[in-house]
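**Student:** Below is the structure I would like to discuss, written out as structure tokens.
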Amino acid sequence: MVLDIIRPFFLGFYHAFKRTFTVKHPFVRLTPTERYRGRVVLNIDRCISCRSCVNICPNKALEMVKFEKKLVPQYDAGRCCLCNLCVEVCPAIALSMSYEVEFSEYTRKGLIHTPDRFSQPPKSFLFEKTVTVKILDKKRGVAHR
Amino acid sequence: MIGLEFLILGLDFPQFIELVLKVLIFPGLAFPLLFAIIVIWFERKFLARIMLRIGPLHIGPFNRTGLLQPIADFIKLIQKEIIVPDNAHKLIYNLAPIMAALVASLSVAFIPYAPKPGGGYWMIFYTPFSLLVILAIFTARPFIIIAAGWASNSKYCTIGALRAALQLLSYEVPLALSLASIVIMSGTFDLAKIVEAQSSIWFIILQPIGFIVVLIGMMTEIARRPFDIPFAEQEVVFGWPTEYTGTQFALIMVSEYFDLCAVTSLITVFFLGGWSGPAIPLLNDISPILSGIFWFLLKMAILTVIIIMGRGIFPRVRIDQLLDAGWTIGIPLAILQISITLLTAQWWLPLVRGG
């Protein structure tokens, strides 16, 4: 019984000086995995204005608008559930998922990505330090499965 | 203006400066506040490390350690609105947090932190019965808690206050009994004399059972994790301070850490030999008081780490288990300690009373 009370103290100290599972997130980031689903990105040159993405979208996050004499989808990040259906259905491979996750804005209007913004490549988040999961697993010595 | 205050207190200038230092800086106002800030930060960071997390990291200097997080929290709490629930007893409800902070910080005034070279001790108010005064202050705490819980007029507060009352009142008995064996051993109610009795051997070696009972009793008194039944988040939202907001909540949180400060100082005085320790060369050159304070703070820090760690490594006990343990294990152990102390008097008397 006494051992049951003393053992946790040793375990606690043992854990306190171990490497943490988490990273200092906004300053150090984990690189996303290969098939990570972030914001959808449009390639305007490839788009054939077929509307299949608009039709299949379950949340009506996509909407056709005119942009440089061409009908292309406009993207509402607030409605998108990142379900990947539009990317799968696109016959011209104009849509793709990026690894961008931080698209919060202060207004609802700010969440709407006009075709111009929709076709921008994802914001680079590699500005400070990045750690891949594999390196982290090696360093912390404890595998989390 | 300064001259006038001398006349009122009947002190000369160095004595007046000493009094101001005592009341405002070391054992007085600034020390428990600083202790609270540092301990809140350390608790969050250390518990996070035990759970393999990082803890607060955004606010403050030194490579993202989150050092100023408690101060930021405090500023946030001060800005918030004070909400008094309907049908609450306004006077008692508003008075309780102030009283809690006041009573919690009172006991620091009677604890000796270091000896002075020319006789006397570095403490705010010297009285030969400081142990009794401390016990009296500890008895006042459950009634503030009951008053706050009842005045809030909310079921969580009431249940939390009743739990706190049960726990605090029942653990005062083993606590007082184990302190009795210390009084028997040192032959005095004076905390400073108790520390002086430990100059050759600490009471933790002479009374290990008493130390365990006092540590658990004190942890129960201030409701730290394995015994934080009055605050149990999963059962009663936050116990008796549930309804408090803003500054009042900040006062209650600060009062808990004042209590932690008082409790760790008291255990240091009772069992760990207070300020006794080899003189530190650099500090001793400035003043021997600083050397004593250093050892006192070091022992307090070790105790604080042990008490805080309970929150990361132990599950909470049930109220019936706790009360059962208090009445059936705590009190017999305390009485056992008293009888052992009395039966082995011929061996410890020369060690303690300087025979």
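The values are calculated or read from the model by the stated rules, or taken from the named source; none is laboratory data. No experiment lies behind these values; they were computed from the predicted model shown. Cβ atoms come from the backbone with ideal geometry, glycine included; neighbour counts cover every protein chain shown.
**Student:** Looking at B:ALA192, B:ALA176, B:ALA165, B:ALA180 in this structure, which one is buried (at least 22 other Cβ atoms within 10 Å of the Cβ) and of a type in the set (Gly, Ala, Ser)?
**Tutor:** On the way: B:ALA176 fails: buried (at least 22 other Cβ atoms within 10 Å of the Cβ); B:ALA165 fails: buried (at least 22 other Cβ atoms within 10 Å of the Cβ); B:ALA180 fails: buried (at least 22 other Cβ atoms within 10 Å of the Cβ).
None of the others qualify; the one that does is B:ALA192.
**Student:** Something else about it: Does A:PHE13 qualify as being within 14 Å of chain B (Cβ to nearest Cβ), surrounded by 12 or more Cβ atoms within 10 Å (Cβ to Cβ), part of a loop (DSSP other than H, G, I, E, B) and hydrophobic (A, V, I, L, M, F, W, C)?
**Tutor:** Numbers: within 14 Å of chain B (Cβ to nearest Cβ): yes; surrounded by 12 or more Cβ atoms within 10 Å (Cβ to Cβ): yes; part of a loop (DSSP other than H, G, I, E, B): no; hydrophobic (A, V, I, L, M, F, W, C): yes.
So A:PHE13 fails the test.
**Student:** Let me ask you something else. Within region B:274-287, is even one residue out of contact with any Gly (no Cβ under 9 Å at 6 or more places or on another chain), closer than 29 Å to B:ILE50 by Cα and more than 14 Å from every other protein chain (Cβ to nearest Cβ)?
**Tutor:** No, there is no match, as no residue in region B:274-287 is out of contact with any Gly (no Cβ under 9 Å at 6 or more places or on another chain), closer than 29 Å to B:ILE50 by Cα and more than 14 Å from every other protein chain (Cβ to nearest Cβ).
For (1) of a type in the set (A, V, I, L, M); (2) under 24 Å from B:ALA180 (Cβ atoms), each residue gets a yes or a no:
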site	(1), (2)
B:PHE258	no, no
B:PHE271	no, yes
B:ILE289	yes, no
B:ILE302	yes, no
B:ILE331	yes, yes
B:LEU336	yes, yes
B:LEU342	yes, yes
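**Student:** Same structure again: Within region B:42-72, how many residues turn out to be in contact (Cβ under 8 Å) with a residue 24 or more places away in the chain, in a helix (DSSP H, G or I) and within 8 Å of chain A (Cβ to nearest Cβ)?
**Tutor:** Residues of region B:42-72 that are in contact (Cβ under 8 Å) with a residue 24 or more places away in the chain, as a first pass: B:42-44, B:46-47, B:50-51, B:66-67, B:69-71.
Checking which are in a helix (DSSP H, G or I) leaves us with B:42-44, B:46-47, B:50, B:69-71.
Going one step further and asking which of them are within 8 Å of chain A (Cβ to nearest Cβ), we end up with B:46, B:50.
Number of matching residues: 2.
**Student:** Among the candidates A:CYS47, A:CYS83, single out the residue that is touching a residue at least 40 places away in the same chain (Cβ under 8 Å) and farther than 30 Å from B:PHE46 by Cβ.
**Tutor:** Details: A:CYS83 fails: touching a residue at least 40 places away in the same chain (Cβ under 8 Å).
Matching residue, one of A:CYS47, A:CYS83: A:CYS47.
**Student:** Go through region A:16-27 and count every residue that is of a type in the set (A, V, I, L, M), in a loop (DSSP other than H, G, I, E, B) and at the interface with another protein chain (Cβ under 7 Å from one of its Cβ atoms).
**Tutor:** Start the filter on region A:16-27 by keeping residues that are of a type in the set (A, V, I, L, M), which leaves A:16, A:23.
From the residues that got through so far, the ones that are in a loop (DSSP other than H, G, I, E, B) too are A:23.
Now narrow it down to the ones that are at the interface with another protein chain (Cβ under 7 Å from one of its Cβ atoms): none.
Looking only at that region, the number is 0.
**Student:** Between B:ALA192, B:ALA197, which is over 28 Å from B:PRO97 (Cβ atoms), in contact (Cβ under 8 Å) with a residue 60 or more places away in the chain and touching a strand residue (DSSP E or B) at 6+ places or on another chain (Cβ under 9 Å)? Walk me through how you get there before you give the answer.
**Tutor:** Numbers: B:ALA197 fails: touching a strand residue (DSSP E or B) at 6+ places or on another chain (Cβ under 9 Å).
Only one candidate qualifies: B:ALA192.
**Student:** In addition: Find the residue count for region B:242-294, including only residues that are modelled with pLDDT under 90 and of a type in the set (Asp, Glu).
**Tutor:** Matching residues across region B:242-294 total 1.
**Student:** What single numbered condition from (1) basic (Lys, Arg); (2) assigned to a helix (DSSP H, G or I); (3) within 14 Å of chain A (Cβ to nearest Cβ) fails to hold for B:LYS299?
**Tutor:** All conditions pass for B:LYS299, except number (3).
**Student:** Any chance you could count how many residues in region A:30-78 are surrounded by 12 or more Cβ atoms within 10 Å (Cβ to Cβ), more than 20 Å from A:GLN120 (Cβ to Cβ) and of a type in the set (D, E, K, R)?
**Tutor:** Of the residues in that region, 1 qualify.
**Student:** Something else now. Examine region B:313-321 for a residue that is more than 15 Å from B:THR220 (Cβ to Cβ), assigned to a helix (DSSP H, G or I) and within 14 Å of chain A (Cβ to nearest Cβ), and state whether such a residue exists.
**Tutor:** Kept after step one, since they are more than 15 Å from B:THR220 (Cβ to Cβ), are these residues of region B:313-321: B:313, B:315.
Retained after the next criterion (residues that are assigned to a helix (DSSP H, G or I)): B:313.
Add one more test, that the residue is within 14 Å of chain A (Cβ to nearest Cβ), and what stays is B:313.
Checked against the condition, which is being more than 15 Å from B:THR220 (Cβ to Cβ), assigned to a helix (DSSP H, G or I) and within 14 Å of chain A (Cβ to nearest Cβ), region B:313-321 yields at least one hit.
**Student:** Now for a different question. Let me confirm something: among B:GLY246, B:GLY277, which residue is surrounded by fewer than 20 Cβ atoms within 10 Å (Cβ to Cβ), more than 20 Å from B:LEU77 (Cα to Cα) and not aliphatic (A, V, I, L, M)? So that I can check it myself, show each step before the final result.
**Tutor:** On the way: B:GLY246 fails: more than 20 Å from B:LEU77 (Cα to Cα).
Unique residue meeting the criteria: B:GLY277.
**Student:** Further question on the same structure: Return a yes/no flag: does region B:76-96 have any residue that is touching a residue at least 24 places away in the same chain (Cβ under 8 Å), touching a Pro at 6+ places or on another chain (Cβ under 7 Å), closer than 30 Å to B:SER154 by Cα and assigned to a helix (DSSP H, G or I).
**Tutor:** no
**Student:** Among the residues of region B:273-287, write down those that are among the polar types (S, T, N, Q) and farther than 26 Å from B:ILE184 by Cβ. Let's see the steps before the verdict.
**Tutor:** Quick first cut of region B:273-287, residues among the polar types (S, T, N, Q) only: B:276, B:284, B:287.
Correct list: B:ASN284, B:SER287.
**Student:** Within region B:22-36, is even one residue surrounded by 12 or more Cβ atoms within 10 Å (Cβ to Cβ), closer than 28 Å to A:PHE9 by Cβ, modelled with pLDDT of 85 or more and of a type in the set (Val, Ile, Thr)? Spell out how you get there, then give the answer.
**Tutor:** Initially, region B:22-36 is screened for residues surrounded by 12 or more Cβ atoms within 10 Å (Cβ to Cβ), giving B:22-23, B:25-36.
From what's left, closer than 28 Å to A:PHE9 by Cβ: B:31-32, B:34-36.
From what is left, the residues that are modelled with pLDDT of 85 or more are B:31-32, B:34-36.
This time we only want the ones that are of a type in the set (Val, Ile, Thr), so: none.
Taking every residue of region B:22-36 in turn, none turns out to be surrounded by 12 or more Cβ atoms within 10 Å (Cβ to Cβ), closer than 28 Å to A:PHE9 by Cβ, modelled with pLDDT of 85 or more and of a type in the set (Val, Ile, Thr).
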